[in-house]
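Taking it in order: structure first as structure tokens, then the write-up.
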Amino acid sequence: HDPEFEVTSNWMYSAYMPEPPSAHVDFLSGDYSSSNALESARFQSRCLAARGMTWDLMAWGQNAVPCSWSTHNRNTKEYAQYCQEASEVIALGGAFQFFNIMYGGGGLPQEWAIPMWKRVAEFCRERQNLCHGARQVKQVGILYCEAKSDPAVSSLYTLNYPELTAVRGWINMLQDSQISSGILYEYQLLENSLFEYPVIILPAARSLKQESVSAIKRYVKNGGRAIVDASLAHLFTDISGAEAGEPSTHLVFIDGGDALSAAEASCIGLAANGGEVSGAYYDANFYCEKKNVAAVTNAFGNGKICTLAFDLGTLY
């Protein structure tokens, strides 16, 4: 009847579903959290943009406390926050929309907010020619492993995974440092897209497939640069040259140059073995002679691999 009619499925092939696409949809779509919404938009946008398809994200036009459909405590967001959230989406090539819950019944509109919403639309339209459908320049790729797809977890919409804490932490850290980052799904390691990234990050994860580990080693050997959280260090000791001990979780104090930052972190002991040492952390909240190596960088083939002594994304 209408061959151009487009079909999607909410959150399909998003952060909730990192496996390779297997069923056809015409575009990707989702509605991200009303709480900590700017960080949520930053993360979810990258997960959708990484698929290379047309996509959009919908904001909650109000903050719901707690975040639930049954919540009555809802405050309509203001212009600056709408624009901040929209910018996270449209800057990565997506389309932006929002919904708002009305009160009073009978389709009664919330008239006082309409002029503000008009300004939000104008903010997006002014940038449409530059942004819509844009593709991200690949600078730093953050691996999102398929271990998130755990058949033992019954809940469909959950981001309560250690892997995602690490991925989100790395995104926030790089963006706070004004370094452009994008998501690299594990299945994409076996595609040519891996070699388009000058640098890749391997956040903490329970496991990686053997073919993924092999692909990363080929990437480094052929000139790529990889940064590896402590949890995955044992998979790459043959190319990193660093001795990685068994991980243990304890309180550490990371040297920030002129201050120490406390973190309850999973750490491994690192031995440089000729590699380039950088950073330090201490076992107590003061500078002393006894310090631990924070990172070791070794050359392998034409590339380099940096092993971290702790799961940096997780503790960020």
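The values are calculated or read from the model by the stated rules, or taken from the named source; none is laboratory data. Please read all numbers here as calculations on a predicted model, not as lab measurements. So basically every Cβ, Gly included, is an ideal-geometry build from the backbone, and we count neighbours across all protein chains shown. The protein model used for the area step is the full one, side chains on, heavy atoms only, and it has no ligands, DNA or RNA in it. Shrake-Rupley method; radii C 1.70, N 1.55, O 1.52, S 1.80 Å.
See the values below:
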| read-out | value |
| --- | --- |
| When residues of region 28-69 are limited to those that are buried (at least 17 other Cβ atoms within 10 Å of the Cβ) and of a type in the set (Phe, Trp, Tyr), the one nearest to Phe96 (Cα to Cα) | Trp55 |
| Residue satisfying all of: in region 92-127; in contact with a Leu (Cβ under 9 Å, 6 or more places away or on another chain) and among the hydrophobic types (A, V, I, L, M, F, W, C); most open to solvent (accessible area, probe 1.4 Å) among these | Met102 |
| Filter result for Lys209 (open to solvent by 40 Å² or more (accessible area, probe 1.4 Å) and in contact with a strand residue (DSSP E or B) (Cβ under 8 Å, 6 or more places away or on another chain)) | no |
| Residues located in region 241-289, provided they are on the phi > 0 side of the Ramachandran plot and either of a type in the set (Val, Ile, Thr) or open to solvent by less than 60 Å² (accessible area, probe 1.4 Å) (or both) | Gly241, Gly279 |
| Out of Leu184, Leu194, sole residue that is part of a helix (DSSP H, G or I), over 23 Å from Ala265 (Cβ atoms), within 21 Å of the chain's Cα centre (by Cα) and in contact (Cβ under 8 Å) with a residue 12 or more places away in the chain | Leu194 |
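Yes/no per residue for (1) over 25 Å from Ala91 (Cβ atoms); (2) at pLDDT 90 or above; (3) open to solvent by less than 70 Å² (accessible area, probe 1.4 Å):
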| site | (1), (2), (3) |
| --- | --- |
| Ala134 | no, yes, yes |
| Val140 | no, yes, yes |
| Glu146 | yes, no, yes |
| Leu156 | yes, no, no |
| Pro162 | yes, no, no |
| Leu174 | no, yes, yes |
| Ser181 | no, yes, yes |
| Glu196 | no, yes, no |
